[in-house]
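Peer 1: To start, I am sharing the structure in question, which I have written as C-alpha cells.
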C-alpha cells in the first residue's frame, strides 16, 4: 500500500511539473509582445533597452524568428538614438545575419540601411558606402523604388567625395529617372531637389559655373525646407568664391549664418567656417576668428570631416598670406584626417598645399601637368548624364520615328548586302572562333598550372616546412629557403587564379587595382564605371585583368611610386586605358612581364605603348 502511495505521489509531481512548465512557457510567449511594446513607451532609454533585451532573450529561447528580428532592429535603433553607434552597428549586424539565415529580404534591406547610416554617422565612410550599395541591390529585389532612390543618392555623394564625379553624376541621374516613375509628394520633391543640387555641385567642380548656378536657381524656386535652402545657398556661395566674387559669396554665407540659431550644429559650423574663409579673402579681421571658432566647435563635437574642412580653410587662409610654416602645419593636420577617412580626394587636396610650398621643381611640374590634364579631360567630355535626363519623351518618340523611316528605306538594300556578307562573315567567324579557342585554351592551361602549383608544389613545400619546424635540430636556413619558395609558388598561383566573371567586372577591376594601394602608394581610378564591360567577351576581360595585374605588380616591385592613376574611357567602339605613375621611371626596356602584357593585348587586336624616362614616371596607353 505504501509503495502504491509513493508511486501515485510521484505521478502527481510529474503531471504538475509538465503542466506548470507549459503554463510558464505560454506566459513567456505572451510576454513577448508586452516587452516589445514597453520598449516603445515614453520611458528612459535605459528602461527601453532592458525591455527590448528581455524581448530578444525570450525570442531566442523559443526560436521566434520574426520577433527576434524586430528585437534586433529595435535595439539597434535605440542605441542609434543615444549616438552609441558602435553598439547600434553590432545589433545591425545581428539583424543582417539573422535576416540572411531566415531569408527575410525585407529585414535584410533594413539591416543594410541601418549599417550604412550608423557607419556614416560614425565617419566610417568606406563601410557606409559598401552597405549603401548592398541596400540598393536588395531594394531592387524587394521592388522598393523609393529605397533605391535613397540608396543611389547616398552612393552619388560618396562617389563625389571619392573624386569620381562622372560616376556620381550617372548615379544621381539614375535616381532622378527612378523618381519620375513615382507619384509626386513632398518627400519625393525634397529628394529630387537634393539630387538636382548635387548635380549642380558636380558642374561646379568641373568649372561649368553657368550651368551650376542655373540649376541652383531652379532648385531654389521649388525649395521650401530651410535646410535645403541653406544647402543650395552654400553651393551658390562656393561658386562665387571660386569666381573671386567675394562680396557676393559673403552675402550668401551671411544669409545662412543668420538663419541658424544653434552654435553646435554641423550646418552652423559649416556656415561659420565658410563665412570666415570668404571674409579672409578681403582681409576682414573677422575671417580668421570665425574659422578658428568653427574648428574649436568641430573638435569638441568630434566632427571629423568638419575638422578636416576647417584645417583646409586655415591652410588656404595662410596660403593667401604666404605663411609657409602655418600652411605646412594646417595642411598636414588635414592630411592626417584624410588618411583616416581613406578619401583619395581629401588626400590629394591636402597634399596639393605641400606641393605649392615645395621647392622641388619636379613636384611643382607634376602638379601643374596633372591639373592641366584634368582640365583638358573636363573640357573634352561633353556626354553628361544629366543631358540624357533632360531629353524629353517627345524628342525620344520623334527620334524613334526617324530611325524607323530610315530603316524601311534601307531595308531592301540591307537584305541584298546581308546575303553578300553572310558568306564572308561565316568564314571570318570560323577563323576567329578557332583563334579564340586556342587563346582560351592557353588561359585555361595557365589556370590549371596555377592550381597544380598551389595544390601540389606549394602544399608539398608547406609539408616539408612543418616537418622541419617539428625537428628543431634541422638547419634553420633550409626552413627559411623553403618558406621563400612556398610564398613564391603561392604568388604564382594567385596571379593566374580563376577570375569570377559572374560578379560585376567593374567591381572586380576596382578591387584588383585598390588592393595594390597602401600607406605608401595611393592608387586612383577614373571613369571605371563609364565603360560598358558587359559588351566584352570573357577572353577580352581576362586579357585586360591580367595586363593590369602585371602593370600594378611591376609598379609595386620596381617603380617606387607614391601615386598611380588608371583612367578608363570609351571612345567610339574602342576602350582606352591609360596608366601613369610618378615613380623613378626607367630607360625604356621591356622586361618579360611587360613583353607578355604586350603580347596579350595584341592577341585581341589591341595596342599597347610604353613611355618612360629615368625619374619621370612610367606611362602605358592601351587601346582595345
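Since every read-out is calculated from the coordinates, none of them should be taken as a lab result. Quick caveat: nothing in here was measured; it's all calculated off a predicted structure. Ideal geometry is used to build each Cβ from the backbone, glycine not excepted, and the neighbour counts take in all protein chains shown.
Peer 1: Evaluate the distance, in nm, between pseudo-label points positioned 7 Å from the Cα of residue 60 and of residue 103 along their respective Cα→Cβ axes.
Peer 2: It works out to 2.6 nm between the two label points.
Peer 1: Figure the gain on full extension for residue 537 and residue 284 (residue separation times 0.36 nm, minus the Cα-Cα span) and round it to one decimal in nm.
Peer 2: On the way: separation 253, 0.36 × 253 = 91.08 nm, distance 6.12 nm.
Contour length minus Cα-Cα distance gives 85.0 nm.
Peer 1: Going 7 Å from the Cα of residue 143 along its beta-carbon direction, which residues of the stretch 167-194 have the amide nitrogen within less than 18 Å of the resulting point?
Peer 2: 178-179, 181-183
Peer 1: Would you mind checking the stretch 510-549 for residues with the amide N under 16 Å from a putative spin-label position 7 Å along Cα→C-beta of residue 596?
Peer 2: Counting only backbone N, you get 542-549.
Peer 1: Could you give the length gained by full extension between residue 247 and residue 324, i.e. 0.36 nm per residue of separation minus their alpha carbon distance, to one decimal place? Please report the intermediate quantities before stating the final value.
Peer 2: Working: separation 77, 0.36 × 77 = 27.72 nm, distance 2.67 nm.
Extending this stretch completely gives an extra 25.0 nm.
Peer 1: Continuing with this model, one more query. Distance between the C-alpha centers of the stretch 151-193 and the stretch 213-277? Whole Å please.
Peer 2: If you average the Cα positions of each part, the centres end up 21 Å apart.
Peer 1: Using only Cα atoms, what is the ratio of the radius of gyration of the stretch 237-285 to 2.2 N^0.38 Å? Present the calculation step by step, with values, prior to reporting the outcome.
Peer 2: Working: Rg = 10.4 Å, N = 49, 2.2 N^0.38 = 9.7 Å.
Here the answer is 1.08, to two decimals.
Peer 1: Among 543-554, 205-216, 329-340, how do they line up by average Cβ neighbours within 10 Å per residue, starting with the highest?
Peer 2: Working: 543-554: 20.9, 205-216: 17.6, 329-340: 19.3.
Descending packing order for the listed peptides: 543-554, 329-340, 205-216.
Peer 1: For the stretch 505-623, what size does the Cα cloud have along each of its three principal axes, sorted from largest down, in whole Å?
Peer 2: Sorted from largest, the Cα extents of the stretch 505-623 read 38, 29, 22 Å.
Peer 1: Could I get the Rg over Rh figure for the stretch 93-171? Both from C-alpha atoms, Rh via Kirkwood, rounded to two places.
Peer 2: 1.00
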